[in-house]
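Here's the structure, in structure tokens; my notes come after.
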Amino acid sequence: MLSVAAPILGAEEKAALSDVVDSGWITMGDRVRAFEQTFAGHHGAEDAVAVNSCTAGLHLIMLALGIGPRDEVLVPSLTFVATINCVLYAGATPVFVDIDSFDRPLISIADAADKCTANTKAVIVMHYAGYLVDRREWRRFASSRGLFLIEDAAHAAGAEQAGTLGDAAAFSFYGNKNMTTAEGGMVTARDAGVLERIRQMRGHGLTSGTFQRFTSQTVGYDVTMLGYNYRMDELRAAVGLAQMKKLSGWNEKRRALTCLYMKRLKELCPGLTLPFTDGEGSSVRPSSYHIMPIVLPEEVDRGVVIRRLKELGIQTSNHYPAAHLLSFYRKHVASVCLSQTEEFARRELTLPLHPRMDELQVECVANAVAKALCR
């Protein structure tokens, strides 16, 4: 079975893990700090804070920016549920926003404007599939309304300008991402004070960590804020440092495979919608090329296509079901109709895309999709 995503882990990661085990210090030490600094430098940020998941990072961003009860936060419905849950964790209210279009399935600035109220305090933009939202548009939107601009950059590790568009951003290193530490995440923020609050909150609100006290030979600490156990360990940081060395090359491979996909699918399956492409089938936005989404023709039964591709040894997925229609949110958040998101989610299919693949496999998948649509 050709998988939708596949992590790449090898000898360098094994050696890095072994070094941590041999060192005797397995959590929140020098490697975590080195990983933070390396990641920040790669993304044009002054500094970063490593956490145990992107979800944890988004939660800490909410708290560090002072978002809480009676506040509203604009969120896309076309996203993984963590984007929405972090708002609820903080006691605030998520307000679902539609996408622009099938060609540009990113949070709609027009719909966001319509849904702003006196209680709106922030907007979370999600770089769907690794394609970045428009930097100038969203900064102008947020600044003109006095809103915090937050990036859910779970799909965007290594993408140019990712993490620098807004007030803060959270990245994911889950197993299906462009680089992985199995679980884990990273936070960047424009304001150094905000980032330091996040750094302190991730470790129970303590004014110093175990490694800091060990290296400075002190035993005392204070707790000056409510904190959480959102720390990253040395093992994951060591894997992250090894992965960082390969991220640019992997993303370039993803770009090349995506361009081939777009070219061949345009030729073989003219009825498909290929998001983020121009009239020639080329990508039109900065991206990390995290996933390969396609939109099936309206009359096509997606379940049949999924089954036919599976019979041919090709795994597919759906990114994502419309979050505002999921049972929990229908019970706890005001009902809303988002026609573009709902139809996109009904017809979207994610094809395999990862650096383990080669051009021949892309050709095979494209031909299989054409065959599945014609039967």
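So which of 49, 73, 81 ends up being at pLDDT 95 or above, under 21 Å from residue 330 (Cα atoms) and crowded, with 20+ Cβ neighbours inside 10 Å?
73
Here's a check for you: in segment 11-41, which residue that is assigned to a helix (DSSP H, G or I) and among the hydroxyl-bearing types (Ser, Thr, Tyr) is surrounded by the fewest Cβ atoms within 10 Å (Cβ to Cβ)?
Restricting to residues being assigned to a helix (DSSP H, G or I) and among the hydroxyl-bearing types (Ser, Thr, Tyr), the top hit is 18.
A quick yes/no check of all residues on (1) farther than 24 Å from residue 275 by Cα; (2) not in a loop (DSSP other than H, G, I, E, B):
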site: 133; (1), (2): no, no
site: 138; (1), (2): no, yes
site: 143; (1), (2): yes, yes
site: 150; (1), (2): no, yes
site: 154; (1), (2): no, no
site: 157; (1), (2): no, no
site: 160; (1), (2): no, no
site: 179; (1), (2): no, no
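Taking the condition of being surrounded by 22 or more Cβ atoms within 10 Å (Cβ to Cβ), more than 16 Å from residue 365 (Cα to Cα) and either modelled with pLDDT under 95 or hydroxyl-bearing (Ser, Thr, Tyr) (or both), how many residues in segment 251-293 meet it?
Qualifying residue count for the region: 3.
Out of the helices (runs of 4 or more DSSP H) lying entirely within segment 293-350, which hold 3 or more residues that are among the basic types (Lys, Arg)?
In segment 293-350, the matching helices (runs of 4 or more DSSP H) lie at 302-311.
List the pairs whose first member sits in segment 188-202 and is at pLDDT 95 or above, whose second member is among the small types (Gly, Ala, Ser) and surrounded by fewer than 21 Cβ atoms within 10 Å (Cβ to Cβ), and whose Cβ atoms are under 6 Å apart, counting only residues at least 6 apart or on separate chains?
Close Cβ pairs satisfying both conditions: 201/227.
Could you tell me whether segment 86-93 includes any residue that is within 19 Å of residue 204 (Cα to Cα) and part of a helix (DSSP H, G or I)?
The answer is yes, given that some residue of segment 86-93 is within 19 Å of residue 204 (Cα to Cα) and part of a helix (DSSP H, G or I).
Scan segment 104-112 and give yes if some residue there is crowded, with 24+ Cβ neighbours inside 10 Å, in a strand (DSSP E or B) and not hydrophobic (A, V, I, L, M, F, W, C), otherwise no.
Within segment 104-112, none of the residues are crowded, with 24+ Cβ neighbours inside 10 Å, in a strand (DSSP E or B) and not hydrophobic (A, V, I, L, M, F, W, C).
Every residue, every condition in (1) among the hydroxyl-bearing types (Ser, Thr, Tyr); (2) under 18 Å from residue 190 (Cβ atoms), yes or no:
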| position | (1), (2) |
| --- | --- |
| 18 | yes, no |
| 27 | yes, no |
| 32 | no, no |
| 40 | no, yes |
| 56 | no, no |
| 60 | no, yes |
| 65 | no, yes |
| 69 | no, no |
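How about segment 254-276: which of its residues are within 19 Å of residue 128 (Cα to Cα) and in a helix (DSSP H, G or I)?
254, 255, 256, 257, 258, 259, 261, 262
Assess whether residue 46 counts as being among the charged types (D, E, K, R) and assigned to a helix (DSSP H, G or I).
no
Working carefully through the options 219, 194, 125, find the one that is over 11 Å from the mean Cα position of the chain (by Cα), aliphatic (A, V, I, L, M) and either surrounded by 24 or more Cβ atoms within 10 Å (Cβ to Cβ) or part of a loop (DSSP other than H, G, I, E, B) (or both).
Going through 219, 194, 125 in turn, just one is over 11 Å from the mean Cα position of the chain (by Cα), aliphatic (A, V, I, L, M) and either surrounded by 24 or more Cβ atoms within 10 Å (Cβ to Cβ) or part of a loop (DSSP other than H, G, I, E, B) (or both): 219.
Report whether or not residue 156 is among the small types (Gly, Ala, Ser) and either touching a strand residue (DSSP E or B) at 6+ places or on another chain (Cβ under 6 Å) or at pLDDT below 95 (or both).
no
Would you point out the residue of segment 350-365, among those that are surrounded by fewer than 22 Cβ atoms within 10 Å (Cβ to Cβ) and closer than 23 Å to residue 301 by Cβ, that is farthest from the chain's Cα centre (by Cα)?
Filtering first and then ranking leaves 364.
Is there a residue in segment 2-15 that is modelled with pLDDT of 95 or more, in contact with a strand residue (DSSP E or B) (Cβ under 9 Å, 6 or more places away or on another chain) and farther than 29 Å from residue 293 by Cβ?
No, because not a single residue in segment 2-15 is modelled with pLDDT of 95 or more, in contact with a strand residue (DSSP E or B) (Cβ under 9 Å, 6 or more places away or on another chain) and farther than 29 Å from residue 293 by Cβ.
So the check is Cβ under 6 Å with 6+ separation or different chains; which pairs have a first residue in segment 132-157 that's touching a residue at least 60 places away in the same chain (Cβ under 8 Å) and not assigned by TED's automatic domain parsing to the domain that holds residue 107 and a second one that's acidic (Asp, Glu) and assigned to a loop (DSSP other than H, G, I, E, B)?
none
Quick one: which residue in 353, 373 is part of a helix (DSSP H, G or I) and farther than 19 Å from residue 76 by Cα?
373
The values are calculated or read from the model by the stated rules, or taken from the named source; none is laboratory data. Note that the structure is predicted; figures quoted are calculated from it, not measured. A quick note on method: Cβ atoms are made from the backbone with ideal geometry, for glycine too, and the neighbour counts reach across all protein chains shown.
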